[in-house]
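Working notes, structure below.
The values are calculated or read from the model by the stated rules, or taken from the named source; none is laboratory data. For clarity, every value in this text was computed on a predicted model and none was experimentally measured. Here the Cβ positions follow ideal geometry from the backbone for every residue, glycine too, while neighbour counts run over all protein chains shown. Side chains are part of the model used for accessible areas, which takes the heavy atoms of the whole protein and leaves out ligands, DNA and RNA. Shrake-Rupley method; radii C 1.70, N 1.55, O 1.52, S 1.80 Å.
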Amino acid sequence: MVIYKDLRGFIKQVDELDALRRVDGADPRFELGGITEVAAGTPECPALLFDRIKGFPQGFRVFSNATTTPQRAALALGIDPALKPLDALKAWMQKRQALTPHKPIMVTAAPFLENSMRGKKVDMAKLPAPHWHRKDGGPFIGSGSIVIMRDPDGGWINASIYRVQVHGRNKVTIQFDHPGRHGAVIAKKYWDRGKSCPVAVVNGEDPALFIAGFEYLPDNQSEYDFAGAIKGAPIEVLNGPLTGLPLPAQAEIILEGELLPASKTMLPEGPFGEFTGYYANEARPCPVMQVNAIHHRDDPILLGSPPMKPPRFHFGLPFRAASIWSNLEMAGVSDVVGVWQHVAQLMTVVALRQRYAGHAKRAALIAAANSYMGRLVVVVDDDVDPSNLADVMWAVTTRCEPAEQIDIVRNAWSSALDPRIPAEAKAAGVTSHSKAIIEAVRPFPWKDRYPPTSALTAEEARAIESKWSDAIRGRSKPRAQAARRRKRR
Ligand SMILES: Cc1cc2nc3c(=O)[nH]c(=O)nc-3n(C[C@H](O)[C@H](O)[C@H](O)COP(=O)(O)O)c2cc1C
Ligand SMILES: [Mn+2]
């Protein structure tokens, strides 16, 4: 598979798959967001390239729904986009386990230096930052943008996704969901030494960086190296003229500046429509980046990835399910045939071939432990496709006796974004919730005596399909077709 060089290369590949729609004349206040949401709700869920955005020069573009289908998520990973979704996720799980990190390489020229505004010339209003949802607290330049920082102790580069709201000509905020985010940890190290933290915001990045920026990587491991591993080639970087931070040379738009000590400066950030489908919080104080330079390519493209009400999600393949699948394998849980997440990662499903009593629960407990914000974990037998919600619910309703096969795990991993944790509890620092484990499997002791299912096996269905496909799909023989055409004339 030929992997794209940069975001433009990716957009070209998407276009070649006929999955790109061009939209001219939309308003960055709510229309870009509205069109993105409606398009994401259609069966084709096309990627969108907005141009002639109201109030901006032609050529200043926004690209959204980049990786929202299984096909385009696979394409971004360098995996065959023709694979069935569960097979693509398995391919990614296996590729991810074997990845060798690729350190970035330095280059001496970068297209993002084609245009630069510095100092007093810096004006964020020159960039088409959308108001994505009705109640958003302002325009967000960063919804799928990467924030670059250097750890002052180890020297390693962190490059992950944190949202970035615009507050004025040269002020933006960077929002960390919790103090454990690498960006929050690194910034605090500078602040504790009485310094501001050099930072860059990369908008319109290589899709491999977008994916790497979402991964939970260990301390000291740069998302740059992980993105290089996805591509099988190093990310090209150039040291930022102001910050000296290594910046992806092929990126579209880059802000350079400093994250001011939070003890001195904060601005109210949000609300923002979250991936749960809710505005989780009112405006809250948030660290401020002073923007000292804006660089951009000619005719720049902003990668926008607004969160939307589920099932819409940034990634058409549930990447975190691939991590859980890996966790299960590493823990020695055998015979797992698939792991999937529905409802924007809020529900995890594990499919396995039961070999011993307690096998299903063992898998479920590991999956539950690693399901961020997920209240629902379901285990199904290997004849059920975990990526097919209807199939999963068929198993739940026909194989699970609720009085015997549902367990509740209390005080488990969620976050302040959880809409079901009461405000008083959040104020007291509670960010945990309970998780239901549903064993939608045939009870192990009598599984072989369970009533047999009536549906065709996958093989039987394939055989019928290949023999009778014309009849089923209404395609008639060429001669009959020609006769019909003649009659119509
Ligand atoms: C589109 C998108 C937007 C995100 N926005 C935020 C955000 O605003 N704040 C945050 O803390 N995490 C956000 N995340 C999640 C983090 O990027 C993710 O957890 C990442 O692994 C954190 O990296 P770190 O371990 O280097 O801190 C977002 C993820 C995606 C895909
Ligand atoms: Mn990190």
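Here is how the numbers come out for the structure above:
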{"quantity": "Region 334-387: trypsin sites (Lys or Arg not before Pro) falling in loop per DSSP and having at most 13 other Cβ within 10 Å", "calculated": "ARG353, ARG355"}
{"quantity": "Reach of LYS361 by Cα under 23 Å, taken over lysines that are not fewer than 8 positions away in the same chain", "calculated": "LYS90, LYS435, LYS447"}
{"quantity": "Trypsin sites (Lys or Arg not before Pro) lying in DSSP loop within region 61-149, provided at most 13 other Cβ fall within 10 Å", "calculated": "ARG134, LYS135"}
{"quantity": "The chain: relative contact order in percent, alpha carbon pairs under 8 Å with at least 6 residues between", "calculated": "14"}
{"quantity": "Members of LYS5/LYS84; LYS12/LYS309; LYS5/LYS231; LYS171/LYS264; LYS5/LYS103; LYS5/LYS54 lying beyond 20 Å, as alpha-carbon distances in this model show", "calculated": "LYS5/LYS84; LYS12/LYS309; LYS5/LYS54"}
{"quantity": "Relative contact order %, region 385-447, counting alpha carbon pairs below 8 Å whose residues are six or more apart", "calculated": "42"}
{"quantity": "Computed E for HIS178/ASN220 - FRET, C-beta separation, R0 22 angstrom, nearest 0.05", "calculated": "0.65"}
{"quantity": "Share of Cα-Cα pairs in the chain lying beyond 44 Å, as whole percent", "calculated": "19"}
{"quantity": "Helix axis angle, 458-473 relative to the chain longest principal axis, alpha carbon, degrees", "calculated": "90"}
{"quantity": "Distance histogram in 5 Å bins (all Cα pairs of region 80-130, percent per bin)", "calculated": "4, 12, 11, 11, 8, 10, 13, 15, 11, 4, 1"}
{"quantity": "Of every Cα-Cα pair in region 1-155, the percent that sits beyond 29 Å", "calculated": "32"}
{"quantity": "Surface share of carbon and sulfur [accessible, 1.4 angstrom probe, percent] for region 12-60", "calculated": "50"}
{"quantity": "Gap separating the Cα centres of region 1-28 and region 108-154, nearest whole Å", "calculated": "21"}
{"quantity": "Gained length - TRP413 relative to ASP80, 0.36 nm times residue gap less alpha-carbon distance", "calculated": "116.5 nm"}
{"quantity": "Region 14-151: relative contact order in percent, alpha carbon pairs under 8 Å with at least 6 residues between", "calculated": "23"}
{"quantity": "CD proxy at 222 nm, helix term only [per DSSP H run n ≥ 4: -39500 (n - 2.57); per residue of the chain; nearest 500]", "calculated": "-8000 deg cm²/dmol"}
{"quantity": "Alpha-carbon Debye profile of region 173-312, log10 I(q)/I(0) at 0.18, 0.21 Å⁻¹", "calculated": "-1.30, -1.55"}
{"quantity": "Hydrodynamic radius of region 343-489 per Kirkwood, over alpha carbon pairs, in Å", "calculated": "18.6"}
{"quantity": "Per residue value of the accessible surface for the chain (all protein chains in place, 1.4 Å probe), Å²", "calculated": "46"}
{"quantity": "Mean projected area in nm² (Cα convex hull; one quarter of hull surface) for region 125-215", "calculated": "6.7"}
{"quantity": "Calculated FRET efficiency for the pair ALA390/ARG284, C-beta based, R₀ 30 Å, to 0.05", "calculated": "0.15"}
{"quantity": "Surface accessible to a 1.4 Å probe, LYS171 within the full protein complex, Å²", "calculated": "60"}
{"quantity": "Binned Cα-Cα distance frequencies in region 401-473 - 10 Å width, integer %", "calculated": "15, 22, 18, 18, 18, 8, 1"}
